[in-house]
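A.B. asks: Pasting in a structure now, in structure tokens, and then I'll have a few things to ask.
The values are calculated or read from the model by the stated rules, or taken from the named source; none is laboratory data. These numbers were taken from a predicted model, which means no experiment stands behind them. We place every Cβ from the backbone using ideal geometry, glycine too, and count neighbours over all the protein chains shown. Ligands, DNA and RNA are stripped out before the accessible areas are found, and what is left, the full protein with its side chains, is counted by its heavy atoms. Shrake-Rupley method; radii C 1.70, N 1.55, O 1.52, S 1.80 Å.
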Amino acid sequence: MKGTAVYRLIRGIVKAVYPKMEVVGTENLPDEPCVVVGNHTQMNGPIAAELYFPGERAIWCAGQMMNWDEVADYAFEDFWSFKPKRVQWFYRMVSKLIVPLSVCVFNNAHTIPVYRDTRIISTFRLSIARLKEGANIIIYPEHNQKRNNIVYDFQDKFIDLARFYYKQTGVELSFVPMYIAPALKKMYLGTPIRFHADAPIGEERRRICDELMDSIARIACSLPLHTVVPYRNIGRRNYPKNLPFEVYDNEKTGG
């Protein structure tokens, strides 16, 4: 197993207390390596993928969470900066306390560091190497712009991985949508979406992201009524349901 003794201990503890997640739809995984794209569900996505996703995989992880000097600032800004000002001091403290844990976990798990600057080239290079080794790449590309009650909008530059992979291998990558439902203790895999190497990359970014987000939302809405864990770390009382409000209201009233 990959990782230091400390990491293996942490992983064992997490696995003992974190509910087991069933993967539904593994028949949708192509025979060749692919990119699996899911809703982040705060920390549920990375944890579920690390512990329960089948086969070889490499999970994209914010590079700052792997760097001792960057963890605290990044964690506060990304996770807790929108908390009320009266409690931000507490989350500043938490963001500093998690530094050793973050560095240990994210440098020993099945991760690939992701950056938003010129270092992104190393992200693509490492990802292509893992694909060539037969691993699936798992990405959670949501950011703060809400799309619907299921997902936030996807950042789209990760689609460029398919362009670089095609240039090196001549193979058009597939992107597989994944909906993670912690309330149901399941991860659902949808129908693959194939990259078209002969189309303009800008059009492919938009097409594939739209199809992925729509597919994830359709999967979620096809399931029994449940609470969706959103991308943003908001109060639990504000978590949405998987059905549109009018459908949810009918479900509650029996209409």
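A.B. asks: Just to verify a result, which residue in segment 202-255, among those that are modelled with pLDDT of 95 or more, open to solvent by 40 Å² or more (accessible area, probe 1.4 Å) and touching a helix residue (DSSP H, G or I) at 6+ places or on another chain (Cβ under 6 Å), is nearest to Gln155 (Cα to Cα)?
C.D. replies: Only one residue tops the list, namely Arg205.
A.B. asks: Suppose we filter segment 127-173 for residues that are open to solvent by less than 20 Å² (accessible area, probe 1.4 Å), closer than 16 Å to Ile59 by Cβ and part of a loop (DSSP other than H, G, I, E, B); how many remain?
C.D. replies: Total satisfying the criteria: 2.
A.B. asks: Here's another thing I want to ask about it. If Ile47 passes every condition in (1) in a helix (DSSP H, G or I); (2) open to solvent by less than 40 Å² (accessible area, probe 1.4 Å); (3) among the aliphatic types (A, V, I, L, M) but one, which one does it miss?
C.D. replies: (2)
A.B. asks: Right, something else. If I filter segment 12-35 for residues that are part of a loop (DSSP other than H, G, I, E, B), surrounded by 13 or more Cβ atoms within 10 Å (Cβ to Cβ) and of a type in the set (S, T, N, Q), do I get at least one hit?
C.D. replies: Within segment 12-35, not a single residue is part of a loop (DSSP other than H, G, I, E, B), surrounded by 13 or more Cβ atoms within 10 Å (Cβ to Cβ) and of a type in the set (S, T, N, Q).
A.B. asks: Does any residue of segment 118-126 turn out to be in contact with a helix residue (DSSP H, G or I) (Cβ under 7 Å, 6 or more places away or on another chain), part of a strand (DSSP E or B) and modelled with pLDDT of 95 or more?
C.D. replies: The answer is no; no qualifying residue exists.
A.B. asks: Next question. Do any residues in segment 110-124 that are closer than 8 Å to Trp60 by Cβ have Cβ atoms under 6 Å from those of residues that are surrounded by fewer than 18 Cβ atoms within 10 Å (Cβ to Cβ) and not hydroxyl-bearing (Ser, Thr, Tyr), where the two are at least six apart or on different chains, and which pairs are they?
C.D. replies: If the second residue must be surrounded by fewer than 18 Cβ atoms within 10 Å (Cβ to Cβ) and not hydroxyl-bearing (Ser, Thr, Tyr), the pairs left are Ile112/Leu126.
A.B. asks: Looking at segment 198-210, I want the residues that are in contact (Cβ under 8 Å) with a residue 60 or more places away in the chain and have a partner that is open to solvent by less than 40 Å² (accessible area, probe 1.4 Å) with Cβ atoms under 6 Å, at least 6 apart or on another chain. Which pairs are those?
C.D. replies: If the second residue must be open to solvent by less than 40 Å² (accessible area, probe 1.4 Å), the pairs left are Cys209/Phe154; Cys209/Asp156.
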